[in-house]
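The values are calculated or read from the model by the stated rules, or taken from the named source; none is laboratory data. The structure displayed is predicted, hence computed values, not measured ones. A quick note on method: Cβ atoms are made from the backbone with ideal geometry, for glycine too, and the neighbour counts reach across all protein chains shown. Only protein heavy atoms, including side chains, enter the accessible area calculation; ligands, DNA and RNA are left aside. Shrake-Rupley method; radii C 1.70, N 1.55, O 1.52, S 1.80 Å.
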Amino acid sequence: RVTGEKAYAEKVATESEALAALEDWSLGSMTNIGTVALGVAIGYDWCHHVWSEGRKALIERAMLRNAMRPGVEAYDGKRRMWRAGGVSGAVVNTGMLASALALADIYPQTAYKLLGRILDNAEPCFAAYAPDGGSAEGVAA
């Protein structure tokens, strides 16, 4: 995106398609979903304007199936939840936020639902650093 070279957008597409081919991004952890979702959402946002409609649709469906829907389920208590306020919460919230924003015009109802749950869940993440900015999780969170 920074250089405008199409080769980079093609590489992002190839990597995103490989991830889209997976049936599940969790490997048993919502943190894994959040991590993969963040990368795919950023790649999609930066590069979708040069991808074919078919390629975009493949990646959009994978983000819905492997990130957005599981995210809503986790926030609603239908999946194993992470510890509120820790680094896992920050990772999941970030990945879900990036996914919801990247696909808000493609899947508006799911994105809206996800955004509401992210906002409700983000407060404990910020509170972990209040009032002095310190947290047992460390600076990475």
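Here are the numbers for this structure:
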{"read-out": "Computed label-point distance, nm, for sites THR35 and LYS78 using a 7 Å Cα→Cβ extension", "value": "2.6 nm"}
{"read-out": "Accessible-area order (highest first, 1.4 angstrom probe) of the listed residues TYR8, TYR112, TYR44", "value": "TYR112, TYR8, TYR44"}
{"read-out": "Ordering of 67-80, 24-37, 45-58 by burial proxy (mean other Cβ atoms within 10 Å per residue, highest first)", "value": "24-37, 67-80, 45-58"}
{"read-out": "All aspartates and glutamates inside 18 Å of LYS6 as judged from Cα atoms, apart from same-chain residues fewer than 8 positions distant", "value": "GLU15, GLU17, ASP45, GLU53"}
{"read-out": "The stretch 8-120: relative contact order in percent, alpha carbon pairs under 8 Å with at least 6 residues between", "value": "33 percent"}
{"read-out": "Cα centroid separation - the stretch 46-66 against the stretch 1-41, whole Å", "value": "10 Å"}
{"read-out": "Residues LYS6 and GLU123, FRET efficiency given R0 of 30 Å [Cβ-Cβ distance, rounded to 0.05]", "value": "0.15"}
